[in-house]
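Here the structure comes first, spelled out in structure tokens, and everything after it is commentary.
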Amino acid sequence: MDRNRNWAGNYEYSASKLYVPETMEQVSELAAKSRRIKVLGTRHSFNGIADSPEAQLSLEKLNRIIALDRENHRVTVEGGIRYGDLCRFLHEQGYALHNLASLPHITVAGACATATHGSGVNSANLSSAVHSMEIVGADGAVMRFSRDQDVGVNAAAVGLGALGIVTKITLDVIPAFEMSQYVYENLPLGKLEEHFGEIASAAYSVSLFTDWKASSFNQVWLKHRTTDGTADGMGPEFFGAVRASGSVHPVAGFPAENCSEQMGVPGPWFERLPHFRMEFTPSAGEELQSEYFVPRSFAYEALCAIDRLREHISPLLYISEVRMIARDELWMSPCYKQDSVAIHFTWKPDWQAVRQVLPLIEENLSPFAARPHWAKLFTMPPADVQARYERLPDFRKLLLRCDPEGKFRNDFLNTYLMAD
């Protein structure tokens with residue numbers, strides 16, 4: 001992987017230095033002496049949110065599991081740990097996380113900082129599991145945030161990398177569980193008008209995939225906890241969709257062996273919640289991504305608005321995924337105080353064409369007050385983005401208190417957080 005570019009290869013970082021500290025003391029020293037610096041995780045952002053005009057810092061060597069608190073059901077980890085490595089440890093100890101993203105390769109700190117999520121009507125985003133965290137600030141000192149503080153985790157968990165260097169996170173964990181996964185094909189969009197609630201809650205985690213070539217979903221992925229009984233009534237049809245006869249990849253023509261196990265085969269939670277296997281490392285440089293969050297109450301209307309743009313969208317698209325996320329109380333989360341539906345687009349690598357269609361999508365979703373994913377591609381005016389976040393003024397105050405000189409900010413954050 002080219003360390004000067006992001007995972008997808010569409011963004012080239014402007015930072016002239018990359019530090020890879022091996023101790024906390026080195027992290028504090030680098031934070032204190034740098035004029036401008038940003039943490040770089042697994043490079044899975046598609047815009048400039050992790051860029052810096054001077055230096056970047058990777059925590060890849062600070063990736064330990066620090067402690068497992070069995071009494072309070074929490075795990076504490078360093079900022080560089082990836083979900084795949086943490087999940088294996090937790091499962092061996094009899095624990096689980098409440099949800100996971102599509103890819104297990106991303107870091108816990110990076111995913112939480114950008115409000116990354118899985119799917120499930122009762123599952124909030126990954127940041128909602130944060131109980132406490134330590135952040136190295138601009139002066140090199142450690143700041144601590146927890147749920148016990150008035151301005152604590154709700155303010156800092158989705159910190160967008162703007163508060164400092166997240167070096168330690170404590171997460172709530174739950175007992176380990178097993179899951180099975182079924183896929184159904186060709187669900188008509190019209191079925192969501194009367195049955196969205198039933199479809200969205202038919203399993204612990206539900207994902208709808210479409211290439212928008214027709215008013216239907218190519219695939220429905222249903223991830224069931226083996227003990228909750230939701231898989232018991234799954235027959236050969238699901239609201240007009242037909243159960244797949246074999247394992248499939250979300251994108252037509254791609255090999256299914258890289259995907260998590262399907263066909264109802266039971267397995268550990270961490271091998272079913274992601275769409276892709278940990279041992280499969282995604283290749284770089286072949287896609288772009290965008291994602292918009294709308295209130296769940298507007299799910300069908302928002303999807304119909306996208307459907308009207310099919311002729312503009314489908315030629316540029318690999319696949320689109322629709323997920324459900326429960327509301328949270330995290331100030332800068334796209335799901336702040338609203339049960340949400342995320343409409344995700346995985347685009348072919350043609351930015352000039354994609355940047356022409358994004359304003360059409362954003363215009364059609366504007367009646368639903370859509371919020372863009374912080375780490376993906378969008379073209380919404382900064383004022384429109386800021387208007388979606390009622391706690392932004394409070395977050396600005398926190399930023400100015402923690403980092404008055406803007407050491408951890410960059411052009412992206414200044415544009416979307418600080419510009420009037």
Prolate/oblate/rounded call for the stretch 108-246, Cα gyration tensor, a/c under 1.5 rounded:
prolate
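Listed highest first by mean packing, meaning other Cβ atoms within 10 Å per residue, what order do 401-409, 5-13 come in?
Put in order of decreasing packing, that is 5-13, 401-409.
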Under 5 Å between amide hydrogens, which residues at least 5 positions from Tyr95 or on another chain qualify, with H placed 1.01 Å from N in the peptide plane?
Ala176
Charges at C-beta only: +1 for Lys and Arg, -1 for Asp and Glu. How large is the resulting dipole of the stretch 276-352 about its Cα centre, in Debye rounded to 20?
180
Which length gain, in nm to one decimal place, applies between Arg36 and Phe254 when the Cα-Cα distance is subtracted from 0.36 nm times their residue separation?
74.3 nm
Please identify which residues in the stretch 152-192 have an amide N closer than 18 Å to a label point set 7 Å out from the Cα of Thr227, following the Cα→Cβ vector.
173-181
So what J values fall out for the stretch 129-141 if you push phi through Karplus, 6.51 cos²θ - 1.76 cosθ + 1.60 with θ = phi - 60°, rounded to Hz, Gly and Pro as x?
7, 6, 9, 7, 7, 10, 10, 7, x, 5, 8, x, 7
Net charge of Cβ neighbours under 15 Å - reference Thr210; Lys, Arg +1; Asp, Glu -1
-1
If I stretch the segment between Glu390 and Glu22 completely, what's the gain in nm (0.36 nm per residue apart, minus their alpha carbon distance), one decimal?
128.6 nm
With both bridge residues required to lie in the chain, what share of the DSSP beta bridges run antiparallel, to the nearest 5%?
90
Are any of the pairs Lys213/Lys348; Lys17/Lys168; Lys213/Lys376; Lys213/Lys337; Lys61/Lys337; Lys191/Lys376 more than 26 Å apart by Cα-Cα distance, and if so, which?
Lys213/Lys337; Lys61/Lys337; Lys191/Lys376
Protection-proxy order for peptides 78-90, 356-368, 321-333, each taking the mean of Cβ atoms within 10 Å per residue, highest first
321-333, 78-90, 356-368
Residues meeting the amide H criterion for His131 (H placed from the backbone, H to H distance under 5 Å, 5 or more places apart or on another chain) are Thr170, Leu171, Asp172
Could you run the Karplus curve 6.51 cos²θ - 1.76 cosθ + 1.60 with θ = phi - 60° over the stretch 234-249 and give me ³J(HN,Hα) per residue in whole Hz, x for Gly and Pro?
7, x, x, 10, 9, 6, x, 7, 10, 4, 5, 7, x, 5, 9, 9
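Over 33 Å apart: what share of the alpha carbon pairs of the chain falls there, rounded to a whole percent?
Above the 33 Å cut-off, the chain has 29 percent of its Cα pairs.
Just so you know, all these numbers are worked out from the coordinates, no wet-lab data involved. Keep in mind that this is a model prediction, so the values were computed, not measured. Ideal geometry is used to build each Cβ from the backbone, glycine not excepted, and the neighbour counts take in all protein chains shown.
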